[in-house]
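Just so it is clear, none of the values below were taken in a lab; they were calculated from the coordinates. All values reported here derive from a predicted model rather than from experimental measurement. When we count neighbours, we look across all protein chains shown, and the Cβ atoms used for this are built from the backbone with ideal geometry, even at glycine.
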Number of protein chains: 2
Amino acid sequence: MPTFVMRMNHMQPKSILLILNTLSELEEHLNSLTNERFFVLCDSNTWRECFPRIASGFSNRQCHIHIIPPGEIHKQADTLWDILRNMALEGLQKSDLVVNLGGGTISDIGGLASALYQRGLPYINLPTTLLAMADAAHGGKTAIDFMGIKNLVGTFWFPQQTIIFPEFLRTLPQRELKAGYVEVLKQALLAGKRAWAQASTIGPEQITQNPQIICRAAELKMKIVKQDPTDRGIRQILNLGHTLGHAIEAWSLTHPLGPMLHGEAVALGMMAELRLSALYAGLDEDFAQQASRVFSRFIHSPFPTISDIDQIQNFMRYDKKNRNASIRFSLLAKPGKAYIGVSIAEKKIRNVLEEILSGIHNP
Amino acid sequence: MPTFVMRMNHMQPKSILLILNTLSELEEHLNSLTNERFFVLCDSNTWRECFPRIASGFSNRQCHIHIIPPGEIHKQADTLWDILRNMALEGLQKSDLVVNLGGGTISDIGGLASALYQRGLPYINLPTTLLAMADAAHGGKTAIDFMGIKNLVGTFWFPQQTIIFPEFLRTLPQRELKAGYVEVLKQALLAGKRAWAQASTIGPEQITQNPQIICRAAELKMKIVKQDPTDRGIRQILNLGHTLGHAIEAWSLTHPLGPMLHGEAVALGMMAELRLSALYAGLDEDFAQQASRVFSRFIHSPFPTISDIDQIQNFMRYDKKNRNASIRFSLLAKPGKAYIGVSIAEKKIRNVLEEILSGIHNP
């Protein structure tokens, strides 16, 4: 006998995407924010390479800087509690603002700390990597890794703003820029033919001169997230290339030449999932091959061999998207159209992995 | 130059309140849930006293029981990570259900673990104390204490259902039942004259025979939460009696005779805030005195003395509701009508505390 049913539209986040091309634009914007204090989260790389480039934007306000060691390996509980402890010692209030200055690791863990402190502080993301600008800094997924599982502990908490300052791309090593471009390409495939043609022509070398490409990737992501913020349906199309990509990335963590960068693993995942898309989602075979060749320019050793497939398939089974242990994919039907939750038998996945991996090792 | 603005109505929780008066009703209801597995969180008291009374409702499904030590002192990070670790070891999935069987500590920490694992598992609350049935188990505030500050780390995550099984009240010591009734009385004051007349007549002795009183308190809370789930405005009226109540509770933690139960501290807080309401919110003075006498039946030693007021005021300054260090209250204008964010000078608070405390010590 239900006596009372409550349906609520609660939390209506307003997430703003800004592209600020010059330091004076960025300064002016930061100065216009009305928050009493900033709590700036950096890693030691972004503190050294990025903060000095924009320090003037932080000069007219009380700022507390919290620096964590770089790398996903520190995206875990101890680091999170250090941040929360520091927030408490500073007596941070809801009238203050957390500023995440860094790549996906920083926005993931800084977003989670913001979500949890006093049940939610406002925060903004200032992504410093191409990957974060195009993808990770948007969409409100916050997390840390736990018990060896990526992003097992987290929450949805949306940044008030994400500010893209393309200047930061100049601080990136070539390899990271290239790996980040993989997400731009994936987003372009999901956006449609024109976006794909443009993104696959321009390439990471010219991205600094063409920041609108990053913008478009970010906008597409936000449009999809808006329809399905908590990842129960349509948002899963963003997983294209990632079911295998994540498993390959996990495999590479213990490899003597590893780990692969996220984008490098996803490039390989894209090649395999484009093939799966051609086989099981009606994607045009010629287009799949052509797109796969584009992604092949972004892979990077260590490459798995056929004898690693068992281990990769094991990692896939642990992927939290797989309800009831069946392996599900987001697959491309054509540029601009994708299916979610396509269940594929493990044998068929193995066949495609064998095909792709022998192609890489015997081009 | 904002290029893209996203406004979202995300997460539309459906929170159901159920009153189930008999074991067979409860069994039938639990059996009807379609989740594959239950992850049941208890403390050692509710595991011993409450679980056996309803064990038959869990017999036809795979259940994992996780038992934590009792008491708010364990509502902290280590306990949270133990729960999350166990969830991971069990391979919990979104198709499973977390069941919080206990008082406010259990629903707070179990709700937080549910919110964080895989960015959100569904959970239900099965409150076992009067306090939790009438108040704590509703409203989606989850938390742990951190750095000595109550509920500093948490999030908003709504239970799918809260099930009130009044039978559990028979397991409670008289002192806890009495303290829990204070929240019933506070809710009744906020609901209006009739609710107050009823709640102040019935009393905790007859609550088991009158579960509709609990129900009404819970419904009122959910109605207010629905209007303001994230506590930015109207929901703060629920803080009536709690600005001073929390500070008195914090004071009692280090007292050799302490700690006071939450409801006992709130009863004292209500007496003081009813007086403040008469002085600064237009509450009828006779009514304030009459209501204050009702709450005085629920206070319990240790009582603070006038020399403790400094320390109580210190705790108040740390209360996270106080923006910019001014002390703000929710005050009653009349039964059914309250103001939020009423700022009162510390001197005036001290005067009222002195008056109330001398009244208690020299009745």
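The calculated pair-distance distribution of the range B:228-361 uses every alpha carbon pair, bins of 10 angstrom beginning at 0, and gives 13, 47, 34, 6 percent. Across the identical copies, the 7 Å label point of A:ASP78, projected outward along Cα→Cβ, sits 1.7 nm from its counterparts, in ascending order. Across the protein assembly as shown, Cα-Cα pairs farther apart than 40 Å form 38% of the total. Annotation note: trypsin sites (Lys or Arg not before Pro) in the range B:223-318 located in DSSP loop regions with a Cβ neighbour count of at most 15 within 10 Å are B:ARG232, B:ARG297. Legend: mean number of C-beta atoms from other chains within 10 angstrom of residue C-beta atoms, peptide B:81-88, equals 3.
A Cβ-based charge dipole, computed about the Cα centre of the protein assembly as shown with Lys and Arg at +1 and Asp and Glu at -1, lands at about 1620 debye. With the convex hull of the Cα atoms taken as the outline of the range B:16-171, the averaged projected area works out to 8.0 nm². Annotation: amide H of A:ASP43 within the under-5 Å range of A:ILE68, sequence separation 5 or more or interchain, hydrogens built in the peptide plane.
Within the shell of other residues whose beta carbon sits under 13 angstrom from the beta carbon of B:ALA281, the net charge comes to +2, with Lys and Arg scored +1 and Asp and Glu -1.
Taking K and R as +1 and D and E as -1, what net charge do the other residues with C-beta under 13 Å from the C-beta of A:PRO302 add up to? Every neighbour counted, the sum reads -3. In order along the range B:125-142, phi translates into HN-Hα couplings of 9, 10, x, 10, 10, 5, 4, 5, 4, 7, 9, 4, 7, 10, x, x, 7, 10 Hz, rounded to whole numbers, per the Karplus curve 6.51 cos²θ - 1.76 cosθ + 1.60 with θ = phi - 60° and x for Gly and Pro.
For B:ILE73 and B:GLU28, the FRET efficiency from 1/(1 + (r/R0)^6), where r spans their Cβ atoms and R0 equals 41 Å, is about 0.65. About the centre of its Cα atoms, the range B:25-162 shows a dipole size close to 240 debye [charges on the beta carbon of Lys, Arg (+1) and Asp, Glu (-1) only; nearest 20 debye]. The calculated FRET efficiency for B:ARG48 paired with B:LYS223, based on their beta-carbon distance and R0 = 35 Å, is about 0.50.
For chain A, what does -39500 (n - 2.57) per DSSP helix run (n ≥ 4), summed and divided by total residues, give at 222 nm, in deg cm²/dmol to the nearest 500? Calculated from helices alone, the mean residue ellipticity at 222 nm is -14000 deg cm²/dmol.
Taking a Cβ cut-off of under 10 Å around A:PHE165, the surrounding Lys, Arg, Asp and Glu residues balance to a net charge of -1, with basic ones at +1 and acidic ones at -1. Placing a label point 7 Å from the Cα of A:ILE234 along the Cα-to-Cβ direction, the distances to the matching points in the other copies come to 3.0 nm, shortest first. With its label point put 7 Å out from Cα toward Cβ, B:PRO256 sits 6.8 nm from the same residue's point in the other copies, in order from shortest. Among the residues of A:154-160, the average count of other protein chain beta-carbon atoms within 10 Å of the residue beta-carbon is 4.
Note on the range B:15-69: Cα convex hull, mean projected area over all directions, 4.3 nm². Give the Debye-formula value of log10 I(q)/I(0) at each listed q (0.12, 0.14 Å⁻¹), with one equal scatterer per alpha carbon of chain B, two decimals each. Once normalised to I(0) and log-transformed, intensities are -0.88, -1.18.
The relative contact order of the range B:228-361 comes to 29 percent, based on Cα pairs under 8 Å that sit 6 or more residues apart.
With θ taken as phi - 60° and the Karplus curve 6.51 cos²θ - 1.76 cosθ + 1.60 applied, the whole-hertz 3J(HN,Hα) list for the range B:239-249 is 6, 3, x, 9, 4, 6, x, 4, 5, 5, 4 Hz, x standing for glycine and proline.
Computed from the C-beta positions of A:LEU253 and B:ASN86 and an R0 of 30 Å, the FRET efficiency is 0.80 to the nearest 0.05. Each label was represented as a point 7 Å from its Cα along the Cα-to-Cβ direction; for B:LYS337 and A:ASN351 these points are 7.6 nm apart.
With equal scatterers on the alpha carbons only and no solvent term, can you work out the Debye log10 of I(q)/I(0) for the range B:171-301 at 0.11, 0.15, 0.21 1/Å? With no solvent term, the Cα-only Debye profile gives -0.38, -0.73, -1.35.
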